[in-house]
Each structure stands twice: as structure tokens, then as C-alpha cells.
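Take a look at the structure below.
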Amino acid sequence: MARFDRLEFEDESEGEAGDLGPIGPAEAERSDQSGWMVKADDHRRRGLYENALRHYSRALELDRSLVAGWVGQVQMLILLGEYPEAELWSRKSLELFKGQGDLMAGRAQALSRIGDRAQALELADAALRQEGDSAYRWMVRGELLVSGRDEVDRYCFDKAVLADRDWLVPLEIALIYLHHGQPSKAMLRARQAVETSPGSFYAWLIQGDCERASGLDRQAKASYERCLELSPRHQDASRRLAELENQGWSLARGVRRLIGR
Amino acid sequence: MQCPSCRFENMPGLESCGRCGTSLALATAAIDVHPPRASRVSKRVRRAVPGRLLYRARDAAIEAWRTITSSIIEDSRIPLPEPGILSRLIVPGWAHLHAGLRVRGWSFLVAYLFLLLLALTRWGTSMGSIAAGLAFSVHASSVMDVLIRQGTVRFPRMMAMALMVSLVLAALFYAPAGWVLSYGIAVPIVYAHNAPPFDRDDVVLINRWAYALTSPRRGDVVQFRPTSAGRIVDPNLQALHVRWVYEQTMLIDRVVGLPGDRVVWDGGKLTIDGAPVAWAPLIPGRLPPRLEIDVPTDCYLILPTTSVGAANAAGVESYWKTAGLIPGDDILGVAYLRVAPITRWWLIR
């Protein structure tokens, strides 16, 4: 079956992201569920969302009660741009884990990306009312504010950063801003991620993307170069750097640079 | 059964964990842990189709609908009076009289009855239509007057109330009554030119339901569809208003004989089966001096003396023997009242 073909992990199809050395908080070579979860998290920190999704699935094969695995799957589907699938998967997961706040937040984020903002708001608020706290719930609430052009989104994202000091949180906030076409705000969050974890090449890559989208080509070039220093085989960074070097003068980019977006 | 998530020991038979709410099916049922994936085609389609815009349009439509419905409901909420008053709103002024407002009550009642009488007696004329409209307005005004007295109302709400009262009154009373009059018991026929014994602008009322349960009787003045021999339509009129053609294709005259009668017209006197009768067709002068007709069992004898053909073929006996025999289905109703001009307002006999 084609679906199971994707579970061939040895073939790192997203290996273009560069070095596969550990970046996350923990190193694990175990093949139990926690080991797969660690691997999934590790790939997530490299931006290898396809691989991370497979690892979450492998962890869930061993232990279906791992809520973090279900949440991770939904988050990966969203990061891969498969919003209807993420919505469907979060809905099915919520049938198993009723009232689970992060899954509700995941569904809210998927609905928001699809465009059903009204239902997404209800779900995001319901997720915040659930027991416990997590950075992801605040991130989703913040994204809904961003999509509604509400200026108080910053407070939600600050709450998310306070809830979890991991550098991945500001980085994924930067990705949210980028998705909604606000590169200047994204750049601030990406810098926050880089400051927290200067050894993470993926943070440098996203910072470069934000700077490039803002028209700050020189800074973007520096970020990509730093990314390549940390991960010399990183193909995305190489390609973007080459694009930057080969591109000519652009009026639109000049204007963006002037207005700081 | 132990919860696979929190390890809480639940009672057997439960579907979800009593502590954390996790589905206990997780422990037993086969659950697919591989999420569905989007194909390349579906990704391309999603990029091409602006699904976000569809949701935005839906949200905007829902918001607009909520705003409109809430304002309409708010503005059209009518404070209803007590049942004793409410039931008397059926007659203008009655509710006022019941509540002790004598001047207003009598004013509404008298004005309404006057206008209603005028509308009925002048039905089919312009005056009748205006009077009917005014009677309706007086009725609606009397209802509004009672409702407004229930509490202070703002202008938009008053407009909504007026609209609703008018709709309710029209639906309950005036539309059904107008339909019964216009298509049943008082169908107005307006003459556009002289057609003796009727003149131009005469309005005659026809009761189309007169023969719903009974059959035509001798001496009834009826509207009927003439036979092909009696139907002479002026081609110049055909190109004009349909009402003019109508006058030539629908005639009004008296039923002279019933099926099976032997009718004899001799020297201005009419006998049926040997018995003399006091009445005659509407224009007896157009008939020949002597005429004997045996009415077939499937026809009525209605001599079309008011038709254009009768004026041209007055002395031709064969014309009357063919044009006067009218099948029962071609008799449309009783012509019973001339309402215009006002100087000739009277029953048609």
C-alpha cells in the first residue's frame, strides 16, 4: 500500500535539509515510542516535516495513547499545508481524546487556514478553557488574531513564549506571521529564536526567509550563509542564497526595504 | 478497564475514561494512526480555488442575515391588545367603541361603511376601486390606532407594523373577498361602445357562479358565448383592446326557451308551449314578425338580439334558428346589475 511505503525512514527523502546530527533537547536511538517521538521532534526542528509526520505515526503505532503524537501529526499536516486533512485528523483525534486542548487548538488552526474563522475562534477559545496550559494553544489564538488583523496578537504570542521557552515556539510564530504575509513581525520572532538557539540552522534559515521577504537582502544573505556554516549541505539555504546573488534590482524590493516590511 | 492514557481503572462497559475522557476503544479497537494525505492534484486545486473567500462570503452572509432578521423582528414586534379588543378589530371602530372611545369608533365605522357601500355599489368602476382602497385603508388605520395605543412606537417600527397589519388584513379578508367578487359573483363587464340596450361606459355585473348548482331558467338575463353564426367580430376591433372583442364574442340577452320547449314569436307576443309569457328578448324590435322554434334537448334558446349580427340579419328567420340555440356550457352567468352610469343604476330585468 502506498501509504505504508512512506514509512521507509531509512530513505531520508528530506535529507536535503543538511546534517542529521542531533539538534533537539534529547538524543535517542531507541526504537520505542518515546524514541520515535524524539526523532520526530528532532526532524521538526530541522524543518523536515514530512519525516517528522512519519515518526509521529510510528510512535503512535506503538502507543496510541500518546496525545503528543496525535497533536504532532496535526501540526505537521498544517505545516505541510494540508489543512483539510489536518482538520479531519484533529476531528478524529478529538473523538478519541475528548476535550484535549492541544487537539482542539490544532483543529482551530486547521479551520483558520481553511478559512472558517468563526468556528476556529470558538474552538481556540474552548481550547484555552481546557485544563492545563500550552504554548501551542496561545500560538493558535494569536494566529486567529493575526488573520483577523487584530493588533493584540503580540500578547498571545508572548504568552506562548512564556509558556514554553523552547526556541521552536518563536520560530513557529515566525512561520505563522510569514503565512499571513507579515514578514517584519515574523523577523522579530525569528531573531528571538536565533538568539535562544544560535546553533540551530533551521532558525537561521527561517530568519533569512523573513529578511528576504522584508526586502533586507543583505541580512538575508548573511543568515543563509550562517545556516550553511552550521549545515554545509543544506540545499534550501544554498538555493536561496544563489537566488539572492543572481537576482537583479527590483523596485518592489526597494519599496519594501524603505517601508520596512 | 484500564485507561490507556492515564491508567485509571474504569468500570467495565464505559466508552470513555471517567477521569481523563480518553476513549477506552484505544485499548481494544484497531485504530488507524496514519493521517490522510493530500494528493498533488488536490493541492493544486486548493491553490486555484479560493476556499477562504467562500468562507468569508458565508460569514458575511450569516452576519448580514442576523442583522436584518434581528432588526426586522425587533421593529415588527407588535404589542397585542387583550383578546376582547383583538377579536373586535375585524370591524373598524368596533374595538374603539368597546374601549369607550365613541367618537373615534363611530368615525371609523361610519367612514368604513360609507366607503364599503360605495365600493360595492360602484364595483367595476374607477370610483368603486378607489372606494374599496379607501375602505381598506380605514380598516388598517383603525387596527393601527388600536395597536399604537398599546405603547410608544418609533417611526420605523410603526412602518413595519403598518405593513404587517395591511398584509394580514389583505390576506385574511380583502384578497379572498376581492377574488370572490372579481372572478365569481360580481364580474364587471365594461362596454367600450354603444351596443343597445347598453351604452358606452356602461358597467354590468355578472354572477358567474349563478349556475354552479342550478340550471338557467326562462326569463333570466344571461351572459353567453354565441354560436359561430351569431359571433360576428369586427376585424378592426380585434386589433384593439381585448375587451372590445369580448363584447362581440360574449353577449348578454334573455333565456327564452329551455331544452324541449316550443317557442313561438308572433306579432310581438311570445308563447312557450302555447302559454303566453310577459317578457321578451332585450331588443324585440330586431326579431322577424313570426318565428317558430323547437328547442333541441341539448340547447337553450337565447335569441341574440343585442349582437351586431342581429342588427344586420333582423328579418332572416334562418339566422335566428341557428344563432339562437346555445349549448348549456356556453351560458356563462347571470347579468343582474348595471352599476354605471349612476343615473341608470338598477337591476337588469
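Laboratory data are not the source of any read-out in this text; all were calculated from the coordinates shown. Remember, it's a predicted structure, so these values are computed and weren't measured experimentally. Note that we place each Cβ from the backbone using ideal geometry, even for glycine, and neighbour counts take in every protein chain shown.
Across the residues of A:89-101, average count of Cβ atoms on other protein chains within 10 Å?
The mean count of partner-chain Cβ atoms within 10 Å per residue comes to 4.
What size of dipole, in debye to the nearest 20, comes out for region A:29-136 about its Cα centre when the only charges are +1 on Lys and Arg C-beta atoms and -1 on Asp and Glu C-beta atoms?
On the way: 15 positive and 17 negative charges, 31 e Å.
Result for region A:29-136 is approximately 140 debye, rounded to the nearest 20.
Starting with the highest mean, order A:116-124, A:68-76 by the number of other Cβ atoms within 10 Å, averaged over the residues of each peptide.
Packing proxy ranking, top to bottom: A:68-76, A:116-124.
Springs between alpha-carbon atoms under 10 Å, Gaussian network over chain B: tell me which of B:328, B:51, B:184 tops the mean-square fluctuations.
B:51
May I ask you to order B:258-271, B:330-343 by the average number of other C-beta atoms within 10 Å around their residues, highest value first?
B:330-343, B:258-271
If the only charges are +1 at each Lys and Arg Cβ and -1 at each Asp and Glu Cβ, what is the size of the charge dipole of chain B around the Cα centre, to the nearest 20 debye?
That gives a dipole near 1880 debye.
Trypsin sites (Lys or Arg not before Pro) within region A:177-235: which are DSSP loop residues with at most 13 other Cβ atoms inside 10 Å? It would help to have the intermediate numbers written out before the result.
On the way: sites: A:185, A:189, A:191, A:212, A:218, A:221, A:226, A:233; in loops: A:233.
Of the trypsin sites (Lys or Arg not before Pro), the ones in loops of region A:177-235 whose Cβ has at most 13 other Cβ atoms within 10 Å are A:233.
Kirkwood Rh over alpha-carbon pairs of the protein assembly as shown, then Stokes-Einstein at 37 °C and 0.692 mPa s: what D in µm² s⁻¹, rounded to an integer?
The calculation lands on 98 µm²/s.
Is region A:174-261 best put as rounded, prolate or oblate by its Cα gyration tensor, with a ≥ b ≥ c the root eigenvalues, rounded for a/c under 1.5, and otherwise prolate when a/b is larger than b/c, oblate when not?
Oblate, because a/c is 1.5 or more while a/b does not exceed b/c.
Taking +1 at the Cβ of each Lys and Arg and -1 at the Cβ of each Asp and Glu, which of B:159, B:287, B:251 sits farthest along the dipole of chain B towards its positive end, judged by Cα position relative to the Cα centre?
Sorting the options by dipole projection puts first B:159.
Which order do peptides A:55-64, A:170-179, B:54-63, B:140-149 fall in by mean Cβ count within 10 Å, highest first?
A:170-179, A:55-64, B:140-149, B:54-63
What does the helix-only formula give at 222 nm for chain B: each DSSP H stretch with n ≥ 4 adding -39500 (n - 2.57), the total divided by the residues, and the result rounded to the nearest 500 deg cm²/dmol?
-12000 deg cm²/dmol
Only helices at least 18 Å long along their own axis, judged from Cα atoms, and with Kyte-Doolittle mean hydropathy of 0.0 or greater: name those in chain B from DSSP H.
Once both thresholds are applied, what remains is B:102-121, B:126-148, B:155-169.
Short version: ³J(HN,Hα) in whole Hz for each residue of region A:199-213, in order, from phi by Karplus 6.51 cos²θ - 1.76 cosθ + 1.60 (θ = phi - 60°), x for Gly and Pro, what are they?
x, 8, 5, 5, 5, 5, 4, 5, 4, x, 4, 5, 5, 5, 5
Below 21 Å, Cα to Cα, which lysines can residue B:269 reach? Residues fewer than 8 away in the same chain don't count.
Leaving aside lysines fewer than 8 places away in the same chain, those within reach of residue B:269 are B:321.
Straight-line reach from residue A:221: which lysines have a Cα under 23 Å away, not including same-chain ones fewer than 8 places off?
Hits, sequence-local ones excluded: A:185.
What dipole magnitude, in Debye to the nearest 20, does the protein assembly as shown give about its Cα centre under +1 on Lys/Arg Cβ and -1 on Asp/Glu Cβ?
1940
What lysines sit close enough to residue A:92 to cross-link, taking a C-alpha to C-alpha distance under 27 Å and skipping anything fewer than 8 places away on the same chain?
Excluding near neighbours in sequence, the set is A:39, B:43.
Using a 10 Å cut-off on Cβ to Cβ distances, tally the other chain neighbours for every residue of B:32-45 and report the average as a whole number.
Values: counts 6, 14, 14, 18, 9, 10, 8, 1, 0, 0, 3, 3, 0, 0.
Mean partner-chain Cβ count within 10 Å for B:32-45: 6.
Per residue of A:69-82, what is the mean number of Cβ atoms on other protein chains within 10 angstrom of that residue's Cβ?
Partner Cβ neighbours, averaged per residue: 2.
Considering the dipole of the protein assembly as shown built from charges on the beta carbon (Lys and Arg +1, Asp and Glu -1) around the Cα centre, which of B:98, B:33, B:328 is farthest to its positive end?
B:98
Of A:65, B:132, A:79, which is farthest on the positive side of the dipole of the protein assembly as shown, counting Cα position, with +1 on Lys and Arg Cβ, -1 on Asp and Glu Cβ, and the Cα centre as origin?
It is B:132, whose Cα lies furthest towards the positive end.
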